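These notes concern the structure reproduced below.
The values are calculated or read from the model by the stated rules, or taken from the named source; none is laboratory data. All values reported here derive from a predicted model rather than from experimental measurement. Here the Cβ positions follow ideal geometry from the backbone for every residue, glycine too, while neighbour counts run over all protein chains shown.
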Amino acid sequence: MYPTMEPPELVNSQNTEENVVPPSTPPPVLGQTPKRKLPILLILGTVGGLVLVLALAVGVRYFLSGQNMSKDKPVEITWWGITLESAAVAPILGEYEKKNNVKVVYVKQDAQDYRDRLKSSLEKDKGPDIYEIHNTWAPMFSAELSPLPATVILPDAYKKNFYPVVSRDLVLGSSFAGIPLNFDGLALFTNTAMFDEKQVLPPKDWNELTALAKTFTTRDENRRITRAGVALGETENVNYWEDVLSLMILQSKINPDDPDTTAAVDVLNTFLSFVGEDGYWDNSLPNSLTAFSRGQVAMYIAPASEAFEVIKANPGLAFKISPVPQLPKLNNNLQDVNFASYQVESVSNKSKHQKEAWEFLNFITSTSVLPVLQTNQKIAGGEVFLPSRVDLAGNYTSDPVLGVYSQEAATADSSYLSANTNDGSLGINSKFSRIYKNALGEALKNESAENIFKDLKDGIGQVLASYSTSKTKK
């Protein structure tokens, strides 16, 4: 059986009004929904949620606004150099900023003691992001150089784009220490009128040059030179004597940065043979640039930059530029040896924008931009240069000044014994210059080859050790 339910308690309908408790709210009217009070916590939660949503909306808007402001503000890179004119780079920098949101500020520096100022500023963390150095300065800036990322230029592409000497000079671990803008070397300047008068051609080797120098040299009754055959053999009044001596040593298959045979002393004596009682040049003559510009010397070996100085000094002088003399060859298949001296653009490893700096250098050394830069430089009245890229050499083969240098570049080599690098008195080039100048002085005094060679080796070893490296470039 199902369990029975207790009957509900009956309400006494006879209750009086006093016994009835009045309802707290009036009874609902038929057809009307009764009103409810919202709990206080629900109200507070709703208001708090609205405030939170509003705050998030404001925060997101502020964040996005900040992102846009950051995006619109360009990265700023400082670039120090001594070669390019500000007017030459300004149009290119302006266009680059528009397209890449990177502002490059070029600051042309005074060439005098440039290396000292640059080194000091980098060591104090006040240096530029990009800076120009000579191709031989890597040992002096080993603590400040940023390696070229393979993501910007692959090593194989780098070796293909630039001349072989560049890859040797600028190696930095598995990468490179910079990108060259220009290229320069040595060539032979010959006075056209003098050569036409003698009906001779520019010499191809050192034997021919020596014979022609003798032919062109004239003296007065006191045996003083009135017209020199060639500006060579002196260190006081011959510009770029360091480069020429380096060239002669390199052609003899000796490394000027690490000579390993007394044969280096033989080269010093050959260099000195152009001066003396029966020589073709002496220290009574004016500076080699001045002498050649005035028509006082028949031949002069110098870089392309010096050719433009000759043109400035004497626009009416007719002269020809030919390849530098080589050692006489018994085998015509032997490769020529030429000289290289050029400027490089490097990036500071303390820069906050190394990636952007390298990308900019890759841009400005591209085949489409580098010729424009060279043209701008010429218009601005600056030093005209041969672009550094191999694939641009063909554009200059017929140039009356740059053509020869473009032909020589593929077989050029370099040395710390380089002139006019603006490295200061304590720089590696200046130290090498003093060492070799001392060796030439000893050779003039007829000291033994063994003693000269020993002093040369000891001096070079001390210089390389002072830059914390015994490594040579060759």
Within region 133-140, is there a residue that is surrounded by fewer than 20 Cβ atoms within 10 Å (Cβ to Cβ), in the same structural domain as ASP399 (by TED's automatic domain parsing), of a type in the set (A, V, I, L, M, F, W, C) and part of a helix (DSSP H, G or I)?
no
Do we find a residue being loosely packed, with under 15 Cβ neighbours inside 10 Å, assigned by TED's automatic domain parsing to the domain that holds ILE249 and more than 14 Å from the chain's Cα centre (by Cα) anywhere in region 334-344?
yes
How many of the residues making up region 123-167 are in contact (Cβ under 8 Å) with a residue 40 or more places away in the chain and farther than 19 Å from ASN349 by Cα?
7
Would you be able to tell me the number of residues in region 198-253 that are over 14 Å from TRP281 (Cα atoms), touching a strand residue (DSSP E or B) at 6+ places or on another chain (Cβ under 7 Å) and outside any loop (DSSP other than H, G, I, E, B)?
7
Of the residues in region 376-392 that are in a helix (DSSP H, G or I) and at pLDDT 95 or above, the one that is surrounded by the most Cβ atoms within 10 Å (Cβ to Cβ) is GLN377
Given the criterion touching a helix residue (DSSP H, G or I) at 6+ places or on another chain (Cβ under 6 Å) and surrounded by fewer than 21 Cβ atoms within 10 Å (Cβ to Cβ), identify the matching residue among LYS329, LYS320, LYS312.
LYS320
Return the pair list, or none, for Cβ contacts closer than 9 Å from residues in region 327-339 that are in a loop (DSSP other than H, G, I, E, B) to residues that are exposed (fewer than 10 other Cβ atoms within 10 Å of the Cβ) and small (Gly, Ala, Ser), at least 6 apart or on different chains.
none
Mind listing whichever residues of region 181-223 are surrounded by fewer than 21 Cβ atoms within 10 Å (Cβ to Cβ) and of a type in the set (S, T, N, Q)?
THR192, GLN199, ASN207, THR210, THR215, THR217, THR218, ASN222
Could you pull out the residue among ASP169, ASP113 that is at pLDDT below 95 and more than 21 Å from PHE360 (Cα to Cα)?
ASP113
Which of the residues spanning region 75-109 are within 19 Å of SER348 (Cα to Cα) and either of a type in the set (Val, Ile, Thr) or part of a helix (DSSP H, G or I) (or both)?
VAL75, ILE77, THR78, ILE82, THR83, VAL102, VAL104, VAL105, VAL107
If you go through region 393-412, how many residues are without any contact (Cβ under 8 Å) to a residue 40 or more places away in the chain, assigned to a loop (DSSP other than H, G, I, E, B) and not charged (D, E, K, R)?
2
If you check LEU118, LEU122, which single one turns out to be assigned by TED's automatic domain parsing to the domain that holds THR365, surrounded by fewer than 23 Cβ atoms within 10 Å (Cβ to Cβ) and either part of a helix (DSSP H, G or I) or among the hydroxyl-bearing types (Ser, Thr, Tyr) (or both)?
LEU122
Residue within region 245-265 that is exposed (fewer than 14 other Cβ atoms within 10 Å of the Cβ), under 21 Å from PRO328 (Cβ atoms), assigned by TED's automatic domain parsing to the domain that holds LEU330 and under 36 Å from the mean Cα position of the chain (by Cα) present
yes
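Residue by residue, here is whether (1) polar (S, T, N, Q); (2) modelled with pLDDT of 95 or more; (3) in contact with a Ser or Thr (Cβ under 9 Å, 6 or more places away or on another chain) holds:
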{"position": "SER348", "(1), (2), (3)": "yes, yes, yes"}
{"position": "ALA357", "(1), (2), (3)": "no, yes, yes"}
{"position": "ILE364", "(1), (2), (3)": "no, yes, no"}
{"position": "THR367", "(1), (2), (3)": "yes, yes, no"}
{"position": "SER406", "(1), (2), (3)": "yes, yes, yes"}
{"position": "ALA410", "(1), (2), (3)": "no, yes, no"}
Starting from region 256-280, keep only residues that are in contact (Cβ under 8 Å) with a residue 40 or more places away in the chain and closer than 19 Å to TYR300 by Cα, then list their pairs with residues that are crowded, with 21+ Cβ neighbours inside 10 Å and hydroxyl-bearing (Ser, Thr, Tyr) whose Cβ atoms are within a distance under 6 Å, requiring at least 6 positions of separation or different chains.
PHE274/TYR280
For region 255-302, which residues satisfy the criterion of being in a strand (DSSP E or B) and either charged (D, E, K, R) or in contact with a His (Cβ under 9 Å, 6 or more places away or on another chain) (or both)?
none
Scope region 296-306; condition within 36 Å of the chain's Cα centre (by Cα), of a type outside the set (Ser, Thr, Tyr) and closer than 20 Å to THR210 by Cα; matching residues:
VAL297, ALA298, MET299, ILE301, ALA302
Can you tell me how many residues in region 415-429 are on the phi > 0 side of the Ramachandran plot and of a type in the set (D, E, K, R)?
0
Given the criteria under 24 Å from ASN420 (Cα atoms) and not small (Gly, Ala, Ser), does ASN269 qualify?
yes
